[in-house]
């Protein structure tokens, strides 16, 4: 019975490798990937008929070496390729201007505001209704909500004067 199980350990290691691959795809931390490769290495060793302790040693050594040697490289690459988002409640956002992307449903309902390439949940200050394309200024931050006031364009006094003359 035990001999029959050891004949198929390579398949068990491949299933374990596939599970680590699924975990990696859902977490993108570059840790499960190395354990998946370690399990694939153990599957290869098992296919050649090596003992279970040697398979286990292969899994541990390959996973550890890959994790230690490449984690910093991939971590730097991931940090570079992902834009840094400002922290919630970041005071540097106050006074910045953004454009309304999604309209608010009423004077006290949420809208979406694009600010520096990031879409935020925005609430109108003073009961204003926010319309798409409207420029707004951040006045206050509470949690992950920006409180904004719409920036109404100033009237063009030159155009108003010319229409009065005619």
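We did not get these values from a lab; they are worked out from the coordinates using the rules stated. Small disclaimer: the values here were computed from a predicted structure and weren't measured. Cβ coordinates were reconstructed from backbone atoms using ideal geometry, including for glycine residues, and neighbour counts include every protein chain displayed.
Observations
- Approximate spin-label separation residue 54-residue 7, in nm, with each point projected 7 Å along Cα-to-Cβ: 1.9 nm
- Over region 2-81 - Rg/Rh using Cα atoms and the Kirkwood inverse-distance radius: 1.07
- The packing ranking, built from the mean of other Cβ atoms within 10 Å per residue, places the peptides 92-99, 68-75, 33-40 in the order 33-40, 92-99, 68-75, highest first.
- Modelled label positions at residue 103 and residue 61, each set 7 Å beyond Cα in the direction of Cβ, lie 6.7 nm from each other.
- Nitroxide proxy distance, nm - points 7 Å out along Cα→Cβ at residue 79 and residue 19: 3.2 nm
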